[in-house]
Amino acid sequence: MAEIKPVKVQLSQGELEISSVKPGEARDVLEFMEKVSRETDYLIREPGELQMTEKEEKEYIEKQLKGERSIFIGARIGDKLVGTLGFTSPPFQRHSHRGSFGMAVSRRFWNYGIGTHLVRAMLNWAEETGIEKFSLEVDAENLRAIKLYRKFGFELEGILKKNKKMLSGEYRDELLMARFLKITEE
Ligand SMILES: CC(C)(COP(=O)(O)OP(=O)(O)OC[C@H]1O[C@@H](n2cnc3c(N)ncnc32)[C@H](O)[C@@H]1OP(=O)(O)O)[C@@H](O)C(=O)NCCC(=O)NCCS
């Protein structure tokens with residue numbers, strides 16, 4: 001069962017709670033995902049492309065909670081979901097020491113340390129699970145995210161050239177980054 005120990009932190013905007021997303025939050029998650037895909041083009045989806053029903057989202061959350069090597073973390077201020085981080089590990093033995101994750105924070109709350117708390121919660125959880133390698137793909141122009149990952153010791157593993165094609169026709173490179181445990185946050 002992959003559930004993190006809840007953490008509470010006082011921010012200037014209110015109390016931030018970091019804990020595993022619960023199945024009852026499926027609707028909030030879908031609304032949050034749609035909102036952030038309208039707020040930034042650093043994610044892989046265009047607005048409206050996430051076609052999951054509330055039932056499917058609930059099943060996804062339940063799966064993440066049941067899995068030994070998966071986690072779905074929410075950041076909330078008051079009763080409002082302001083950030084999420086989802087980590088999944090492949091189902092095969094030879095890749096079971098690793099996995100990849102994606103995350104997002106509501107634009108209004110960028111630069112208040114919420115992303116930092118989400119990544120830290122994931123790495124702390126992983127210390128108990130034996131996950132050794134964390135991978136991600138990030139838009140090469142997404143300097144805020146790259147700064148956040150570097151702060152936690154993520155290294156550049158490669159460049160995926162022209163990996164994103166925007167509606168405007170513009171191509172973007174994506175960076176493959178990875179972090180190997182143990183934690184050494186600067
Ligand atoms: C990337 C994201 C998750 C970061 O969340 P956040 O809560 O803003 O992150 P934090 O506040 O913890 O950290 C942001 C860091 O970037 C730095 N930063 C801010 N603007 C920056 C810029 N233009 N260039 C470089 N660094 C920048 C901040 O100073 C901070 O670093 P610090 O902790 O050393 O001061 C959030 O901006 C987001 O959701 N973006 C859109 C979706 C996205 O990009 N998801 C990641 C896909 S891989």
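Taking the criterion of being small (Gly, Ala, Ser) and under 17 Å from the mean Cα position of the chain (by Cα), the residues of the stretch 141-168 that qualify are Ala145, Gly153.
Can you say whether Lys162 is at pLDDT below 95 and either away from the ligand (no atom under 15 Å from the Cβ) or polar (S, T, N, Q) (or both), as far as the supplied structure shows? No; evaluated as a whole, the condition is false for this residue. Taking the stretch 87-119 as the range and being modelled with pLDDT under 95 and either within 14 Å of Leu148 (Cβ to Cβ) or among the aromatic types (Phe, Trp, Tyr) (or both) as the test, only Phe92 passes.
Quick grid of which residues meet (1) assigned to a helix (DSSP H, G or I); (2) loosely packed, with under 14 Cβ neighbours inside 10 Å; (3) touching a residue at least 40 places away in the same chain (Cβ under 8 Å):
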position	(1), (2), (3)
Ile4	no, no, yes
Leu16	no, no, yes
Gly24	yes, yes, no
Val29	yes, no, yes
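Exactly one residue among Glu128, Glu155 is loosely packed, with under 13 Cβ neighbours inside 10 Å, within 19 Å of Gly86 (Cβ to Cβ) and out of contact with any Pro (no Cβ under 9 Å at 6 or more places or on another chain), and that residue is Glu128.
Take the conditions (1) near the ligand (Cβ under 6 Å from one of its atoms); (2) within 20 Å of Leu11 (Cα to Cα); (3) in contact with a strand residue (DSSP E or B) (Cβ under 7 Å, 6 or more places away or on another chain); Thr116 misses just one of them, which is (3).
Kindly establish whether Val9 is out of contact with any His (no Cβ under 7 Å at 6 or more places or on another chain), closer than 27 Å to Met177 by Cβ and of a type in the set (A, V, I, L, M). No: the conditions fail for Val9. In the stretch 133-142, the condition of being near the ligand (Cβ under 8 Å from one of its atoms) and either of a type in the set (A, V, I, L, M, F, W, C) or loosely packed, with under 14 Cβ neighbours inside 10 Å (or both) is met by at least one residue. Residues that are within 11 Å of the ligand (Cβ to nearest atom) and either closer than 20 Å to Gly86 by Cβ or assigned to a helix (DSSP H, G or I) (or both) within the stretch 177-186 comprise just one, Met177. Restricting attention to the stretch 69-88, does a residue exist that is touching a strand residue (DSSP E or B) at 6+ places or on another chain (Cβ under 9 Å), within 14 Å of the ligand (Cβ to nearest atom) and basic (Lys, Arg)? Yes, the conditions are met somewhere in the stretch 69-88.
The values are calculated or read from the model by the stated rules, or taken from the named source; none is laboratory data. Keep in mind that this is a model prediction, so the values were computed, not measured. Cβ: placed from backbone, ideal geometry, glycine included. Neighbour counts: every protein chain shown.
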